Amino acid sequence: MSPSAGVGSNDPPPPFAELAFHDKKGSDARPPVEPPVTEQQPRICGMRKRWFIVSLTAIMACLIAVGLGVGLGLGLGRKGKDSPATVGHPYCRNHPELCIGGTLDPNFYSKKGAFNGSGIAVAGQAGDPLWEGENTRMFTLYFQHWTGDLRSIKYTGGKKWIGGTKEQTVATDAKSATPISTVAFKSQDNSSIFHVFYISKDNIIKQVTQTNKSKEWTPGPLNKHNLRAFDSPSVGLQACWKGNYYGEADYSKFPTPSGNTNEVPLDARLGINIWFATDETTFQQYTWYEGKEEWLEPKNDAKRLGMNGHAGVGCYSWGPGTVQYFMINNRYNGTEIWWKDTNWTSTDSSDAHVINTWVNATDAAITGLHPATSLGYTTYLFGQMADNTVSGFNVTFSAENSTVPREDEFTISTSSGPAKGLGGTHLTNTAFKLNVTGWKDNMFVFYQTEGDDITVFTRSERGSEWMNESIPIPHD
């Protein structure tokens, strides 16, 4: 974790004790008197030669020690493991654990690749008609380029990365290290629609949209609300599809989180939920329904108080039935899982299972997370722990009976040990179950380990070894 300020006393130092000189003959003996300097004794700069050499050696040793200390401090600070002397954002002087990259020190801004502290979001869209064969788009990754622009890069069935250039620019007005969230789904006319959400330089929640029939990104209807986010170097924001499986109404095609065949119909009310921090302890929710122009603030229970506005949010609201879930971090570095049953036709409401109200599933709490962790859920819930490692959790979703068996927890590791991320790195994840040659039931987890990188870790859901690579991001 980040270093804390030094602790010391405010009392003045004790005065130096007077020196008394005594010899073996008694207390009245005088100290020996140094013989006067004669002209034969060599001097340099007014000092005897021997004392000049001693003083010069001591000064040089001090300068070397200071130089080494500064060099080591800068080297460690680039990975967020130490607090540099120069602070880029005033808030970070006293809260370095909630800052990353250039907000810690302007020298830490990236000069290539990804922005140091880049938001990261992924949208799955297999079988896009614009892509065929090995160029079939498996998913699209959104990130912040080192220049500050938001861009996209695609991963194909041929295991190639395509894009990330200026031509794939999504937005140019994003704040430094903005969180990024995306939702992609198939609309009623069978076209694919992509929504990207972020925070602008003037701290406003922004939405841009694109379809698979156009390359243009256009402003979304959320922008007209002029929603202001928490003004801080690290801010929580997450958008999540709600209803059926991203536009696919055949619920039998999609297994439950346990892997069993889904036999429960999907919610017919389709749309997007978005959560964002408005201050250090408060999250606000807005909702959009497909076919509607306006975003709405829910009439009931639209705000979550007492939370950690610096950390991210996760969600799961595309599963079977009418219960939605979101994951959020509290002020004590713990993750809470909240559920809400939106079955407005049900009259079976009790103290344990209420209808249309967010409820904390207290048996599903997770502790020991990083104070600025992001959260991501697809098959497994991922978050960054206090020691900068990234862990996965197998959540059992069952409304008020939801649990997180800690024996199923795992840490992303490579052959060299735990794959730690930068402290406070954004992260996201996705998973695929596809019958493509060379593919398995793969999990993909994305986060930053160096500062100008976005590293992807992947393995089979069944527990094979983690593989990793740095995504090739164009310089220009």
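Computed from the coordinates by the stated procedures, all read-outs in this text should not be read as laboratory data. These numbers were taken from a predicted model, which means no experiment stands behind them. Methodologically, a virtual Cβ is constructed for each residue, glycine included, from the backbone with ideal geometry; neighbour enumeration extends over all protein chains shown.
A few remarks follow.
- Computed from the C-beta positions of Lys292 and Asp173, the FRET efficiency with R₀ = 22 Å rounds to 0.30.
- If a spin label sat at a point 7 angstrom from the Cα of Asn356 along the line to its beta carbon, the backbone N atoms of region 315-346 nearer than 13 Å would be those of 341-346.
- Of the peptides 292-298, 424-430, 217-223, the order by per-residue mean of other Cβ atoms within 10 Å, starting with the highest, comes out as 424-430, 217-223, 292-298.
- Peptide packing for 393-404, 102-113, 364-375 was compared via the average number of neighbouring C-beta atoms within 10 Å per residue; ordered from the highest value, the list is 364-375, 102-113, 393-404.
- Residues Ser464 and Tyr332, FRET efficiency given R0 of 35 Å [Cβ-Cβ distance, rounded to 0.05]: 0.50
- With the highest mean first, a sort of the peptides 88-96, 317-325 on other beta-carbon atoms found within 10 angstrom per residue produces 317-325, 88-96.
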